[in-house]
Ligand code: FEO
């Protein structure tokens, strides 16, 4: 059955949201490069790539269901941050926003009786639980380092290892 046009439009918007999240994490990676924290930089870069795969999951779904994909401009991300804690607070807030976007999509799919879209979105619902948990645990650690450079470098090393395990 061809994809419901209202749902197709909302899914197209979500492609843009995921790409914006990807671009924001890339900006965060760039911030950490400038701060000489390569572990944080590589971890955020990995997360940026992961957001792109989220966009492509939706892209592929629309295409398979015979919908039309419309790509829009990606808003400029914030490039300056006050601290590692500031970055992680904003990253967690972004994940919470994405969770709300996925919930709204799930509700729309329900209203439109788009059951296969709901099924596709259930992967995202699980993923958002993981992502919020992950960002919140790293935020806790960054807060515990409380601006101490040595503690931050230890956390940076931990993230460098976790990045190579393709976590998140
Ligand atoms: Fe695709 Fe991290 O939300």
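The values are calculated or read from the model by the stated rules, or taken from the named source; none is laboratory data. All values derive from a computational prediction rather than experimental measurement. Methodologically, a virtual Cβ is constructed for each residue, glycine included, from the backbone with ideal geometry; neighbour enumeration extends over all protein chains shown.
May I ask you to list the residues in the stretch 94-113 that are within 16 Å of the ligand (Cβ to nearest atom) and either more than 14 Å from residue 134 (Cβ to Cβ) or touching a strand residue (DSSP E or B) at 6+ places or on another chain (Cβ under 7 Å) (or both)? Across the stretch 94-113, the qualifying residues are 97, 100, 101, 102, 103, 104, 105, 106.
Select, from 113, 141, the only residue that is modelled with pLDDT of 95 or more and outside any helix (DSSP H, G or I). Among 113, 141, only 113 is modelled with pLDDT of 95 or more and outside any helix (DSSP H, G or I). A Cβ distance below 8 Å, combined with a sequence gap of six or more or placement on separate chains, defines the contacts here; from the stretch 67-80, residues that are touching a residue at least 60 places away in the same chain (Cβ under 8 Å) reach residues that are assigned to a loop (DSSP other than H, G, I, E, B) and surrounded by 13 or more Cβ atoms within 10 Å (Cβ to Cβ) in the pairs 67/3.
To keep it simple, each residue is scored yes or no on (1) within 13 Å of the ligand (Cβ to nearest atom); (2) under 30 Å from residue 152 (Cβ atoms).
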residue	(1), (2)
9	no, no
27	no, yes
30	no, yes
35	no, yes
41	no, yes
46	yes, yes
66	no, no
76	no, yes
